[in-house]
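Written below as structure tokens is the structure these notes are about.
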Amino acid sequence: MSTYEPELKALMAASLDGDVAAHRALLERLSRHLRGYYRGRLVRIGRGPSEAEDLLQEALLAIHTRRHTYDPAALLMPWVHAIARYKLIDYLRRTHASRGDVPIDDADELAAHDDHGDAESSIDLMRLLGRLPEKMRRAIQDVKLDGLSVAESARRSGMTESAVKVSIHRGLKALSAAIATESKP
């Protein structure tokens with residue numbers, strides 16, 4: 001977890017409760033962070049700082065308009081980074097960046113699927129997770145989807161670290177079996 005996560009998460013919570021000053025402060029802090037992210041990515045492919053500013057504005061607008069989708073029980077920065085990454089992918093597609101223009105480490109971003117498919121996958125995942133017992137679902141959500149450590153998940157849920165690991169293992173096994181069953185004609 002980043003050192004600024006608790007502060008940004010508190011600002012987001014206040015923002016969701018209608019605190020305009022907290023929302024403004026949140027967007028200002030995120031601006032500094034995302035500006036560096038976009039500049040670093042775009043400089044590596046020979047693009048300029050003005051393009052990073054355009055992307056920054058798109059990302060901030062998306063964060064503002066989609067803030068109602070943020071789950072206050074989850075970490076904030078993975079949610080923010082997902083939005084930022086999708087905005088970068090969309091931009092690279094719109095500007096017809098080719099794989100030859102992009103360093104090999106970032107080439108997967110150009111090959112990513114469109115948002116519609118991701119939304120459908122997310123809905124399918126939530127439906128499948130809904131079949132699991134609460135402990136398994138929570139452990140998988142915390143560790144595999146929200147990026148918490150096993151120790152953090154254990155503290156949050158009141159389970160032991162071993163119980164979290166077992167829940168994840170058994171839950172993933174059950175999900176795999178459910179997917180296999182559904183994909184049979």
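Quick note: the coordinates plus some simple rules give every number you see, no bench work behind them. Because the structure is a prediction, the values reported are computed rather than measured. Glycine also receives a Cβ, built like all others from the backbone with ideal geometry; neighbour counts cover every protein chain displayed.
Treat each spin label as a single point 7 Å out from the Cα along the C-beta direction, and report the residue 19 to residue 82 distance in nm.
2.4
Hey, with R₀ at 25 Å, roughly what FRET efficiency would residue 35 and residue 10 work out to, going by the Cβ-Cβ distance, to 0.05?
Once rounded, the FRET efficiency stands at 0.70.
For residue 173, list the lysines whose Cα falls under 21 Å from its own Cα; do not include residues on the same chain fewer than 8 positions away.
Output for residue 173: 135, 144, 165, 184.
On a full-extension model of 0.36 nm per residue, what is the gain between residue 162 and residue 61, subtracting their alpha-carbon distance, rounded to one decimal in nm?
Stretched out fully, the residue 162 to residue 61 stretch lengthens by 32.2 nm.
Between residue 53 and residue 155, how many nm apart are label points set 7 Å from Cα along the C-beta direction?
Placing both labels 7 Å beyond Cα along the Cβ direction yields 4.1 nm.
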